[in-house]
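One structure below.
The values are calculated or read from the model by the stated rules, or taken from the named source; none is laboratory data. Computed from a predicted model, the values in this text were never measured in an experiment. Cβ placement follows ideal geometry from the backbone for every residue including glycine, while neighbour counts extend to all protein chains displayed. All accessible areas refer to the heavy atoms of the entire protein, side chains included, with ligands and DNA or RNA removed. Shrake-Rupley method; radii C 1.70, N 1.55, O 1.52, S 1.80 Å.
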Amino acid sequence: MTNRRTVLQAAAALAALAACARAGAQSALAAAPLAIGDTFMLPSSVLGENRRINVYNAPAANGAPLPVLYMPDGGLEEDFLHIAGLLQISVASGTMRPFMLVGIENTQRRRDLTGPSDDPEDRKIAPVIGRSEAFRAFIRTELMPAISGRYRTTGETAIVGESLAGLFVMETYFVAPEMFDTYIAVDPSLWWNREGLLAKGAAQLRTRRHGNKTLFVAASGEPGMPALAGRLKQVFDTAAAPGLRFELAAFPEENHRTVYHPAALRAFRTAFRKPAEQRGPG
């Protein structure tokens, strides 16, 4: 009887070990979430809603504080992942300095990224338009303090956007140039409000301090865009801003849907280039 009990106990122990092994193997093969950064909800009293914020930290030497690149259209289903990828490969290859990317996910994109318009055609694009000033206030008074409170940042800031987000970048540069150090606008929708931003641009350049800023504008070959870019260049030719580093880059081989990726890559290499003493073979 004792031998039989011993055999049964041994068999039970072996079965338990086999079950543990199977569970371990299944656990080893099980899928796990793939995370490249942080995401959190930020309550906004300015906008009267909660906004999702996505953050990617490019590796910095010794965990040093990072400058911050803010991005409208920053949801996972929008432009966050491909811009984060550009940051990752650009920093890894030494073509730009490390930055933190802060993506702002949209709720009502055409409301937040446009200024007021008296053009009936503009009013057709969404039930509510023209609230860019409130969105700018949200970034300035709520998002920026939240980021500096959660992360180690240097105080240097930048913003990047394409299409209507590019329009928002340009509008912010003209009306509140102190908000960011670097502005990157890709195929900005300068046609908005009958090109009102271009009409007021020269006067705004003369009345506000725009020195020690960088503005990089990219224009695709999309019909109408080269002409808008030409008129933008005329604004800066007639009302130069002392100390401004301005570049207008043409991408005639790209269209509105394809220009963001190559233009952002060029912009990062231009505006965020590493100092010569920090560059090396690897």
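Computed extension length for Tyr151-Lys124: 5.7 nm, one decimal, from 0.36 nm per residue of separation with the Cα-Cα distance subtracted. If you run the Gaussian network model on the chain, springs between alpha carbon atoms under 10 Å, then out of Asp73, Asp181, Asp119 the most flexible one is Asp119. When only Cα pairs below 8 angstrom with a gap of at least 6 residues are kept, the range 124-215 shows a relative contact order of 25 percent. Over the chain, accessible surface divided per residue gives 51 Å², non-protein components excluded, 1.4 Å probe. In this Cβ point-charge picture (+1 for Lys and Arg, -1 for Asp and Glu), the chain has a dipole of about 860 debye about its Cα centre. Each 10 Å bin, from zero up to the one with the longest distance, holds this percent of the alpha carbon pairs of the chain: 6, 26, 31, 18, 6, 4, 4, 3, 2, 1, 0. Once you reduce the range 245-265 and the range 41-113 to the center of their Cα atoms, the two points are 20 Å from each other. Each peptide in 244-250, 203-209 receives the mean, over its residues, of other Cβ atoms within 10 Å, and ordering these scores from highest gives 244-250, 203-209. Using a probe of 1.4 Å, the accessible surface attributed to Arg111 totals some 30 Å² when neighbouring protein chains are kept in position. Rounded to the nearest 10 degrees, the inclination of helix 80-92 to the longest alpha-carbon principal axis of the chain is 90 degrees. The lysine pair tally for the chain, using Cα distances under 22 Å and a gap of 8 or more places or different chains, is 4.
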